[in-house]
Amino acid sequence: HIVNDPLLSGDLVGLARPVSKWVHEVRTLDELGTVMRRAFHDAASPPVGPVFVSLPMSTLDAEGDVEVPPASTIDRRTVAASVDELATLLAESPIGSLAIVAGDEVSSSGAVAELVALAEALGAPVFAAALHSTGVFPPAHPLYAGMLPPAAGGIHASLASYQRVFAIGAHTFMVYPYTPGPVLPETVELIHLCPDPARLGRFFPTKLGLVGDPKATLAALLPIVSARTDAAAVAPAVDAARARRQTEIDQLEEAALGRYSSSPMDPMAAGHALIRGVPLNTVVVDEAITTGFYVRGFHHWTEPGRYYFCKGGGLGWGMPAALGVSLGRDRDPVLCVVGDGSAMYSPQALWTAAHEQLPVVFAVVNNRQYLILKGYLRGMARDSAKADRFVAMDIDNPPVDYVGLARSMGVDATLVEKAGDVGDAVGAALASGRPHLLELPIAAP
């Protein structure tokens, strides 16, 4: 059938190839079992990622006896070979001279607890990789140093005072959009642990690169490091970090509360009010570019697996992803914070939420524009930005009624215009156990 170029046929394998680890089109039933086993194997092998299998309609309709391959058991939790050398490099670093950068592989391997223990044994601050997509280190922990900025100069400045940096993960120094200048200072020695060998030494000179599973390797590393460090010497550094981190948290809380009176809502106040209005370890799916920095910063989760962000930057991911996260967690409540521009890419997720009655609260932070695109143009300082002319970047003529849109798809919805009212609104919506949309008009910074 497929050889006759039927209606709706096309080169799906070619379409998927640039964004897939492996692609294949099944043409016979005999190969189906082997292909599916290979697909799941490749998707789960480091570096993990999507695969694509095309099943033509003629193959789907075929009937016959097919041998189903037996299941395979594969333990990918490898411990890096040079753990003892790694322990020496970390333990010999004077307190204050070593920083750790945690990428998404920390959370995907389940290594958050091991990383916390290692940081405490070393008294080393932990930066989250720029634009990390999951929670990699508890945000309220004394040794948390925040997320690295996604700019070469910002990363360079954040790490300039350290002699060594221990990076865990594949792409820990993400820069987006392009900014000139070196990311790592020449004076910094890089130590890199990653489950993907192709990433080691690929971008930066590396004093020691190790291939291994983060959780297994950190678990093997921790007792060696603990035996080679002086806990009494480390304790004052952790105490000092605790005081600094608490001061940072208090200052941010005060700054956010000081912006509650603005109308339309200040993005910082909106993000603060949303997060403080829900229980501590509420699952958050974040696709709110203007308020996202604040959502990430105020979400002080203590249990891993409570924060999700789209590192790839594709718009429209957040709303359907929130449904998937809720379903994957046995219908747990989820707060989805999404910008108005992103919400326009996948509003049909509202109907699915209503159909499945999922306990997802969609908080649409609405500034009626694609502010990130305007920001890029302003940064380029071209003629259109100087003239304040931004083609197709405003969503205000006519404005979108997100409350009406949600109700038309069977989702309860509320317009909240004051930051002081957000906490009660989001708390009640989450407690209802049903899908709900909150529209929050915010100011453009």
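Since every read-out is calculated from the coordinates, none of them should be taken as a lab result. Since the structure is predicted, the reported quantities are computational estimates derived from the model, not experimental observations. Every residue, glycine among them, receives a Cβ derived from its backbone with ideal geometry; neighbour counts consider all protein chains shown.
Relative contact order of the range 126-248, taken over Cα pairs closer than 8 Å and 6 or more residues apart, is 24 percent.
Annotation: amide H-H contacts under 5 Å for S54 (H modelled 1.01 Å from N, sequence separation of 5 or more, or interchain): H24, E25, V26. Of all alpha-carbon pairs in the range 185-249, indicate the percentage at a distance above 17 angstrom. Result: 63 percent of Cα pairs exceed 17 Å. For the range 260-441, the alpha carbon convex hull comes to 114 Å³ per residue, rounded to a whole number. Within the range 260-441, antiparallel bridges make up roughly 10 percent of the DSSP beta bridges whose residues both belong there. Largest mean-square fluctuation among L371, L60, L405, in a Gaussian network model of the chain whose springs join Cα atoms under 10 Å apart, belongs to L60.
Couplings 3J(HN,Hα) for the range 102-117, derived from phi with the Karplus relation 6.51 cos²θ - 1.76 cosθ + 1.60 (θ = phi - 60°), are 9, x, 5, 5, 4, 6, 5, 8, x, 9, 4, 4, 5, 5, 4, 5 Hz, where x marks Gly and Pro. For the chain, modelled as a GNM whose springs connect Cα atoms under 10 angstrom apart, the maximal fluctuation among A227, A354, A91 occurs at A227. How charged is the neighbourhood of S72? Take every other residue with its Cβ under 13 Å from the Cβ of S72, and add Lys/Arg as +1 and Asp/Glu as -1. With Lys, Arg at +1 and Asp, Glu at -1, the net is +1. All other residues whose Cβ lies under 14 angstrom from that of V53 are scored, Lys and Arg at +1 and Asp and Glu at -1, for a net of +2. Residues in the range 182-198 carry Karplus couplings, in order, of x, 6, 9, x, 5, 7, 8, 8, 9, 10, 9, 10, 8, x, 9, x, 5 Hz; the curve used is 6.51 cos²θ - 1.76 cosθ + 1.60 with θ = phi - 60°, and Gly or Pro positions show x. Where both residues lie in the chain, what percent of DSSP beta bridges are antiparallel, nearest 5? Just about 5 percent of them are antiparallel.
Go through the range 1-67 and name the GluC sites (Glu not before Pro) that are in a DSSP coil and have 12 or fewer other Cβ atoms within 10 Å of their Cβ. Sites meeting the loop and neighbour criteria: E63, E67. Electrostatic bookkeeping for L252 treats Lys and Arg as +1 and Asp and Glu as -1; over the other residues with beta carbon under 14 Å from its beta carbon, the sum is 0. Computed from phi, the 3J(HN,Hα) profile of the range 322-334 under the Karplus parametrisation 6.51, -1.76, 1.60 (θ = phi - 60°) reads 4, 5, x, 5, 4, 4, x, 9, 6, 6, 5, x, 9 Hz, with x in place of Gly and Pro. Legend: residue pairs K311/K418; K21/K207; K215/K418; K207/K311; K215/K374, Cα-Cα distance threshold 32 Å; pairs beyond threshold, K215/K418; K215/K374. In terms of the mean number of neighbouring beta-carbon atoms within 10 Å, the peptides 418-427, 263-272, 9-18 order highest first as 263-272, 418-427, 9-18.
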